[in-house]
Amino acid sequence: MDRPGPAPWNPDRAWADPLIATLVLLILLLGGWNLRARRAHGHAPASAAQVSLQGRLADLALAAPRLLGATTGAALAGRDPRTSLSRLTGWDQAVLAVYAGDQGELPRGETLAAGAPGPFPAVWAWAYAGRGPAPDPETLRRVRQGLGSGYAAGLLEARIATRQGGDPKSVLARAQDWALPRLMGLVAAGLGGVLLILGGLAFMLYLTLSRPAPRPTLAYGMSGRAVLIVLMGWFLALLCAGQAIQVLLAALPFLRPLALPLTYGLHAALGVLFLCRAEGLPLATLWARVSPAPHGRALLAGLGYLALAVTVVAAVAVAVSPFLHTTEPPQRELMEAFTRLRGPLALTLTFLTVAGLAPAFEELMFRGFLLPWLGERLAPKLGPRAGWHLAVAATGLTFAAMHMQPMGMPTLTSLGVVLGLAFLRTGDLLTSILVHGLWNGGIFLILRLVG
């Protein structure tokens with residue numbers, strides 16, 4: 001059996017083809033199992049313990065007109081939240097029931113409350129309809145926890161305080177202290193997004209008028225079969241890394257807050273090992289190929305490509321939204337995991353993984369390796385322009401497929417295309433790493449702000 005050595009790997013087709021077929025079968029089986037598990041989790045009711053990230057966003061959207069004024073709040077919330085959030089379930093549905101009751105929409109609120117979990121229907125009925133016994137302190141604590149101690153929880157507690165002859169002002173003040181910083185943060189993020197879109201349009205014009213720089217010349221010598229084996233082997237590592245780390249966490253449960261950094265670190269290390277072994281190069285040599293010094297201009301260009309990425313992804317999201325009949329955000333499980341993180345060590349390591357390790361590794365695999373490998377082979381057949389553009393599109397699509405989020409395919413593909421263009425135009429992988437890292441880091445911080 002041929003093995004990768006100092007020279008680029010070119011496996012014998014006699015054994016490589018059966019191996020590739022086996023890897024395809026394993027990926028289909030494991031990938032299908034993962035997608036079914038995610039779909040089942042996505043269709044399940046919201047957690048019986050607490051409101052989800054989507055429910056918190058609903059809470060803030062419904063609170064915005066009250067706290068920021070009708071005009072500003074409506075602009076922040078977008079279309080009528082009662083319509084766009086009508087498919088929420090569990091504690092998320094309880095948030096909608098509180099706002100319906102507070103606005104005097106008792107029939108609608110009662111219908112929503114009936115579908116909420118735990119003691120919430122009885123508490124809502126006593127607070128807004130005057131039916132049933134008054135809730136005890138432990139029941140109120142469970143409801144407050146279920147509502148995420150957000151603004152909806154404050155509205156419900158203020159209503160209960162009023163019915164019990166107390167003063168609701170202090171309760172509403174605490175709820176306002178929860179909501180206002182988050183709303184102001186979202187307003188700032190929205191303004192930042194608008195500025196980035198304007199900058200992206202200007203940068204798009206600049207790229208259109210400027211002369212393209214020479215494309216990177218990176219001679220990867222491994223054969224097509226070697227590339228398939230490396231990529232599919234790494235993808236299998238991605239599918240299996242989570243299960244391997246879960247076994248470790250069962251033995252060492254104190255490491256559970258570090259599950260994401262450990263999982264991603266394992267499959268990133270395996271991916272780099274596969275690539276370096278197959279190409280017959282140490283990591284330092286491979287890195288010098290894709291990120292030649294100096295980096296100043298390439299890093300500065302990264303800010304322009306970040307603005308372009310925001311512009312393109314926003315445009316694609318708006319274009320495809322009428323055809324995606326779901327309120328479920330892509331990568332919901334990962335987003336929920338971000339909001340549940342506790343402790344400075346877990347937060348720091350997860351942020352470094354999301355904004356540092358993940359962008360560096362994924363850009364090395366997709367833009368530093370797969371893009372030039374494809375471009376160098378397609379350009380002689382299709383012409384330089386068509387060949388490299390097709391390579392950018394193919395790697396963008398592969399990048400999106402790797403995330404196994406069908407609803408996120410359009411936006412992830414468009415992000416991957418911009419990242420490919422960034423590497424193609426600058427010849428420095430640090431540009432696309434910077435764009436990817438700022439993108440991931442920004443989303444992480446916004447999710448932490450809301451959660």
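Here are Ala189, Ala213, Ala161, Ala241: which of them is modelled with pLDDT of 90 or more, out of contact with any Gly (no Cβ under 6 Å at 6 or more places or on another chain) and of a type outside the set (Asp, Glu)?
Details: Ala213 fails: modelled with pLDDT of 90 or more; Ala161 fails: modelled with pLDDT of 90 or more; Ala241 fails: modelled with pLDDT of 90 or more.
The match here is Ala189.
Taking Gly396 as meeting all but one of (1) closer than 23 Å to Ala293 by Cα; (2) crowded, with 23+ Cβ neighbours inside 10 Å, write down the number of the exception.
Going through the list (1) closer than 23 Å to Ala293 by Cα; (2) crowded, with 23+ Cβ neighbours inside 10 Å, Gly396 breaks only (1).
Within the set of pairs 6 or more residues apart or between chains, which connect a residue that is in the same structural domain as Leu218 (by TED's automatic domain parsing) inside the stretch 288-303 to a residue that is of a type in the set (S, T, N, Q) and surrounded by fewer than 15 Cβ atoms within 10 Å (Cβ to Cβ) with Cβ atoms less than 6 Å apart?
Once the first residue is in the same structural domain as Leu218 (by TED's automatic domain parsing) and sits in the stretch 288-303, no partner that is of a type in the set (S, T, N, Q) and surrounded by fewer than 15 Cβ atoms within 10 Å (Cβ to Cβ) comes close enough.
Can you tell me how many residues within the stretch 331-340 are buried (at least 18 other Cβ atoms within 10 Å of the Cβ) and at pLDDT 70 or above?
Adding up the residues that qualify gives 1.
Taking the options Leu262, Leu281, name whichever one is surrounded by 18 or more Cβ atoms within 10 Å (Cβ to Cβ) and free of Cβ contacts under 8 Å to residues at least 12 places away in the same chain.
Numbers: Leu262 fails: free of Cβ contacts under 8 Å to residues at least 12 places away in the same chain.
Matching residue, one of Leu262, Leu281: Leu281.
For the stretch 131-178, how many residues are touching a residue at least 12 places away in the same chain (Cβ under 8 Å) and either surrounded by 13 or more Cβ atoms within 10 Å (Cβ to Cβ) or closer than 20 Å to Leu96 by Cα (or both)?
Total meeting the criteria: 29.
Which of the residues spanning the stretch 31-69 are part of a helix (DSSP H, G or I), of a type in the set (Gly, Ala, Ser) and at pLDDT 55 or above? Can you show your working first?
Of all residues in the stretch 31-69, those part of a helix (DSSP H, G or I) come to 31-43, 53-68.
From what's left, of a type in the set (Gly, Ala, Ser): 31-32, 37, 40, 42, 55, 58, 61, 63-64.
Scanning the stretch 31-69 gives Gly31, Gly32, Ala37, Ala40, Gly55, Ala58, Ala61, Ala63, Ala64.
Consider Ser223 against the criteria (1) under 30 Å from Gly31 (Cα atoms); (2) under 27 Å from the mean Cα position of the chain (by Cα): it satisfies all of them except one. Which criterion is unmet?
With (1) under 30 Å from Gly31 (Cα atoms); (2) under 27 Å from the mean Cα position of the chain (by Cα) applied to Ser223, the lone miss is (2).
Suppose we keep only residues that are among the aliphatic types (A, V, I, L, M) and surrounded by 18 or more Cβ atoms within 10 Å (Cβ to Cβ) within the stretch 107-124. Which one would you say is farthest from Gly55 (Cα to Cα)?
Here the residue is Val123.
Mind listing whichever residues of the stretch 238-262 are farther than 14 Å from Met404 by Cβ and either among the small types (Gly, Ala, Ser) or under 20 Å from the mean Cα position of the chain (by Cα) (or both)?
Step one: list which residues in the stretch 238-262 are farther than 14 Å from Met404 by Cβ, which gives 243-262.
Hits for the stretch 238-262 are Ala244, Ala250, Ala251, Pro257, Leu258, Ala259, Leu260, Pro261, Leu262.
Restricting to the stretch 134-171, name every residue that is aliphatic (A, V, I, L, M) and farther than 25 Å from Arg340 by Cα. Break it down into steps so the answer makes sense when it comes.
Of the residues in the stretch 134-171, the ones aliphatic (A, V, I, L, M) are 134, 140, 143, 147, 152-153, 155-156, 158, 160-161, 171.
The answer is Ala134, Ala158, Ile160, Ala161.
Looking only at the stretch 1-30, which residues are outside the structural domain of Arg340 (by TED's automatic domain parsing), at pLDDT below 85 and not charged (D, E, K, R)?
Met1, Pro4, Gly5, Pro6, Ala7
Scan the stretch 147-165 and give yes if some residue there is of a type in the set (S, T, N, Q) and in contact with a helix residue (DSSP H, G or I) (Cβ under 8 Å, 6 or more places away or on another chain), otherwise no. Quick ask: steps written out before the conclusion?
Filtering the stretch 147-165 for residues of a type in the set (S, T, N, Q) gives 149, 162, 164.
Then keep just the ones that are in contact with a helix residue (DSSP H, G or I) (Cβ under 8 Å, 6 or more places away or on another chain); that gives 149.
Yes, the stretch 147-165 has at least one match.
Residues of the stretch 421-437 being under 13 Å from Ala301 (Cβ atoms) and either in contact with a Cys (Cβ under 8 Å, 6 or more places away or on another chain) or of a type outside the set (Ser, Thr, Tyr) (or both), which ones?
We begin by selecting, within the stretch 421-437, every residue under 13 Å from Ala301 (Cβ atoms); these are 421-435.
Correct list: Leu421, Ala422, Phe423, Leu424, Arg425, Gly427, Asp428, Leu429, Leu430, Ile433, Leu434, Val435.
With the checklist (1) touching a helix residue (DSSP H, G or I) at 6+ places or on another chain (Cβ under 8 Å); (2) farther than 30 Å from Glu376 by Cα; (3) outside the structural domain of Leu62 (by TED's automatic domain parsing) in hand, flag the one item Ala226 doesn't pass.
The one condition Ala226 does not meet is (2).
The values are calculated or read from the model by the stated rules, or taken from the named source; none is laboratory data. Only a predicted model underlies this, so the values are computations on that prediction, with no experimental measurement involved. Reconstructed Cβ throughout: ideal geometry from the backbone, glycine too, with neighbour counts over all protein chains shown.
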